[in-house]
Structures are given as C-alpha cells and as structure tokens.
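Trainee: Below is one structure. I have some questions about it.
The values are calculated or read from the model by the stated rules, or taken from the named source; none is laboratory data. Computed from a predicted model, the values in this text were never measured in an experiment. When we count neighbours, we look across all protein chains shown, and the Cβ atoms used for this are built from the backbone with ideal geometry, even at glycine. Keep in mind that these areas ignore ligands, DNA and RNA; they rest on the heavy atoms of the full protein, side chains included. Shrake-Rupley method; radii C 1.70, N 1.55, O 1.52, S 1.80 Å.
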Amino acid sequence: MSILIFALLGVNLLSPYISSWMVDFSPFPPGAFLRDALNAAFVLFALIRCILNRKKINLLIALSIFSWLSLASWVVILIVFSGDKVQAIMGARSYILFPAVFFALVMTKIQYSKSINTERIINYMIFLMLFVSIVAIIDISMKGAFIKLLGYNEHYAGEQLKLINSYDGTIRATGGFSDALNFGYLLTLGILLCMERFSQGYKKLKMFTISLIIFIAICLTLTRGAILIAAIIYSFYIFSNRKLFISGFILLLIVVPTIFATTNFLDKYVDIFVGRFTDSSQTSRGSTQGRIDMAIKSASYLSENPLGVGLGTQGSGNMLSARDNRLNTDNYFFWMALETGLVGLIINLWYLSSQFYAAVILARTNRKNELGGIIKPFLLLVIIYFIASVLSSAPSSSTFSIFFWTVLALFSFPGLKNFRRA
C-alpha cells in the first residue's frame with residue numbers, strides 16, 4: 001500500500017513534467033489525467049475495501065465521509081445544471097478528489113496498519129520537497145535554464161496556461177513543478193515535517209539543514225504568504241524550547257551567512273523581497289489594496305448572485321470555456337463561493353472542518369500521553385491552510401492540497417512521538 005501512496009505523491013508533484021514530456025500525446029495534459037486517475041483510484045479503493053471488510057468505521061471518519069458525499073452530491077447537481085459540462089467537471093476535481101485523500105489514507109491505515117510505514121512516507125515527502133527545492137534553487141542560479149534542460153515546457157497545456165513564474169522581470173522559483181504560489185505553500189509543509197522531527201531529536205542537524213534549504217527555495221518563490229508561514233513554523237518550534245532555540249540560532253548563524261557570502265544571484269532577490277512586503281516595488285504597488293478591492297468585488301457579486309458564477313470558472317477549467325467568467329480573487333474561500341455558491345461554501349467549510357476535527361480527535365485517542373506534542377503541529381496546519389486560503393487560491397491546487405491532507409492524516413496516526421519507531 002505504501003507504494004500506491006508513494007506513486008500518488010510522486011505523480012502529483014511531477015505531473016507538469018509528465019505533461020511536458022508528453023505534450024504531443026494528448027490535447028490535454030496527460031500528467032493531470034494520470035494524477036487525477038490515481039487519486040480517484042485511491043479514494044475508491046479505500047471506500048470499497050472498507051465496505052467489503054465490513055469493519056466498523058470510526059464515527060468521526062463516517063462524519064467526514066458523509067460531509068464529502070454531501071459535497072459530491074452538490075457538485076454533481078452543479079455539473080448537471082452547468083452550461084459547460086467540461087468546464088464544470090474540471091472544476092469538480094479540486095472539491096471531490098483532492099481533500100478526500102485524508103479520509104482515504106486514514107481508512108487505508110486502519111485496514112492495512114502493518115503494510116503502511118508512516119516513517120517511510122514522511123521520509124519520502126521530505127525527500128521530495130528537498131529534491132524540488134534543490135532543482136528550484138539551481139534553476140534560479142541558471143536564470144531558468146535548468147528546468148528547460150530537464151525537458152520542461154511551461155506551455156504544456158497550451159499558450160493559454162498562465163503560470164505565476166516571474167516578478168518585476170525576475171524569475172520566481174517553481175522548479176517546473178507548479179507556479180510560484182502553489183510551490184511556495186507546498187514547501188511550507190516540508191518545513192513543518194522537518195521541524196517536527198527536529199523537535200523530537202531525530203537527526204537534528206540533518207533536519208534543520210534540510211529545512212533551511214527548503215526555506216531558501218520558499219524565499220526564492222517570492223510568495224509572501226509562504227514566507228510568513230515558514231517564519232511562523234520556525235518561531236513555534238525554536239522559541240518553544242530553549243535547547244532548540246540555541247541549536248537553531250547557532251546553525252542559522254553558520255549556514256545563512258555562508259550562503260549569502262558565496263552567492264551573487266540572491267542579491268537582487270533581497271531588494272525584491274523587501275519590496276514585496278512593503279508594497280514598494282513596481283509590481284507590488286497597491287497589491288494589498290488590490291486584494292481588498294477583489295474581496296469587495298467578490299462579496300458584491302455574491303450578494304446579487306448567491307449561486308456564484310459556476311463550477312470550474314475560477315480555475316483551470318476556465319481555459320476550456322469560450323467565455324472568461326473568472327473573477328480575479330486571491331482568496332480560496334471566495335473562490336469556493338464563486339464556483340459552488342453560498343450553499344457550496346457552507347458545505348465545503350463543513351467538510352474541511354470535519355477533517356481537521358477528526359484528525360485532532362483521532363490523534364488524541366491514539367496518542368493519549370502526547371497532548372502537548374499534538375497541539376503544536378495541528379495548530380500550525382490550521383494556520384498554514386488559513387493563510388494559504390486567505391492570501392491565494394493555492395489550496396485548490398493538487399500540488400498543495402494532496403500533500404496537505406496527507407500530512408494531516410499522518411499526524412493523526414499513532415506512534416508519531418518517535419518517528420524512528422513509527
């Protein structure tokens with residue numbers, strides 16, 4: 001079973017490259033089809049095995065599945081009444097496939113507790129994020145030439161695919177795996193995993209060093225929300241323990257100055273970095289006010305049109321439509337409301353909240369003597385999801401979403417106090 005999970009995570013991350021290598025194979029990105037097929041197969045497999053084995057389902061997981069079925073039913077209704085079925089189906093994926101990884105993984109763990117190695121999955125996720133971070137850093141140092149040498153074509157889905165990969169004429173780190181926003185938020189999960197293991201005393205130097213490499217890649221994405229999240233994660237772990245603070249501070253003093261003293265390509269990013277957070281750069285000027293204006297515009301539209309614009313209109317499905325119905329809003333909650341209406345927003349929030357609640361209660365049940373250790377990672381996961389949702393539409397992207405719900409499920413499993421015995 002671990003192999004299936006590895007494949008799901010790996011293909012999800014590599015899907016843009018798979019599409020680039022097979023750009024002439026299909027009119028639509030093959031990588032995305034393979035990713036969604038694997039995700040759907042995993043969810044269906046977990047549900048079918050649970051039914052066939054007739055094991056008693058945990059009440060919290062049953063509630064999560066019921067809320068998922070409610071959302072799926074609403075999405076089906078929206079598809080039926082949509083004027084553009086293909087666009088609606090494209091939009092439906094982010095609601096009924098991506099977050100479903102959580103309860104599918106929890107149910108699979110219950111069914112196959114011995115065949116799913118939690119430690120290996122966590123190690124694999126850290127390795128993937130370290131790998132893509134290194135690729136992104138090398139690509140930035142080569143001014144975007146490295147990922148092209150690897151065969152990546154940013155227009156794998158056609159010229160209409162607009163990825164956020166530059167800022168004021170400066171390349172943003174993506175590694176070719178996603179646009180800069182989604183890539184940055186994805187990597188924050190790598191920082192969380194590294195620091196969680198660091199706090200447990202597992203290969204502290206290795207974990208902190210990996211987290212710093214990932215943090216450099218996050219900074220090079222120039223994604224403000226992701227940089228803010230990374231800073232919050234470090235603060236939670238380092239300042240909550242004096243020994244961690246001393247170790248982290250010493251490593252920071254050694255590693256960071258060394259990186260900046262031996263590289264030239266980061267210089268211009270420092271200026272842009274400051275401009276991003278102060279809204280002083282040319283592209284950032286008015287950015288904060290622009291987000292407020294987009295929120296007001298979205299709220300005004302929803303007040304007059306409570307059913308929203310239509311499923312798939314705010315995401316990649318919009319590229320397949322003859323009409324551009326996208327209302328530019330860098331906020332996932334407004335995204336959900338505009339695509340599924342106010343009713344859909346309520347169901348979505350119920351569904352997502354049920355999974356957070358289930359994860360926390362399951363963790364408390366499975367790890368009764370670890371309450372202090374449980375609160376911190378789950379609180380950080382809530383912060384990560386909230387900031388990513390409020391400041392961008394990243395949670396609707398599988399690149400962030402599938403990894404996020406996988407991490408949430410992993411933290412609810414027993415035996416995580418010491419990863420070496422997971």
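Trainee: Quick one: accessible surface of VAL80, probe radius 1.4 Å, all protein chains present, in square angstrom to the nearest 10.
Mentor: 90
Trainee: What list of ³J(HN,Hα) values in whole Hz, one per residue of the range 97-109 in order, does the Karplus curve 6.51 cos²θ - 1.76 cosθ + 1.60 (θ = phi - 60°) give from phi, with Gly and Pro shown as x?
Mentor: With the stated coefficients, the range 97-109 comes to 10, 5, x, 5, 4, 4, 6, 5, 5, 5, 5, 5, 4 Hz.
Trainee: Another question, if that's okay. In whole Hz and in residue order, list the ³J(HN,Hα) couplings for the range 202-216 that follow from phi through the Karplus curve 6.51 cos²θ - 1.76 cosθ + 1.60, θ = phi - 60°; x for Gly and Pro.
Mentor: So the Karplus estimates, Gly and Pro as x, are 8, 6, 4, 4, 5, 5, 5, 5, 4, 4, 5, 4, 5, 5, 4 Hz.
Trainee: Scan around SER166 for amide H atoms under 5 Å from its own, H built in the peptide plane at 1.01 Å from N, and keep only partners 5 or more places away or cross-chain.
Mentor: Result for SER166 returns ARG172.
Trainee: Which sequence of TRP74, TRP335 reflects their accessible areas, 1.4 Å probe, from the largest down?
Mentor: TRP74, TRP335
Trainee: Using the Karplus equation 6.51 cos²θ - 1.76 cosθ + 1.60 (θ = phi - 60°), what ³J(HN,Hα) coupling, rounded to whole Hz, does each residue of the range 58-71 give in order, writing x for Gly and Pro?
Mentor: Karplus-based 3J(HN,Hα) across the range 58-71 equals 4, 4, 5, 5, 4, 5, 5, 5, 4, 5, 5, 5, 5, 5 Hz.
Trainee: Also: Which whole-angstrom value gives the distance between the alpha carbon centres of the range 184-227 and the range 53-132?
Mentor: First find each Cα centre; the distance between them is then 25 Å.
Trainee: Using a ≥ b ≥ c from the Cα gyration tensor of the range 1-125 (square roots of the eigenvalues), is it rounded, prolate or oblate, where a/c under 1.5 gives rounded and otherwise the larger of a/b and b/c decides, a/b for prolate?
Mentor: Oblate, because a/c is 1.5 or more while a/b does not exceed b/c.
Trainee: With every protein chain left in place, what is the accessible area per residue of the range 95-218 in square angstrom, probe 1.4 Å?
Mentor: 35
Trainee: Leaving out ligands, DNA and RNA, what percent of the accessible area of the range 21-142 is carbon and sulfur, probe 1.4 Å?
Mentor: That fraction is 73 percent.
Trainee: What do you get for trypsin sites (Lys or Arg not before Pro) in the range 1-64 restricted to DSSP loop and a cutoff of at most 10 other Cβ within 10 Å of the site's Cβ?
Mentor: The qualifying sites are ARG54, LYS56.
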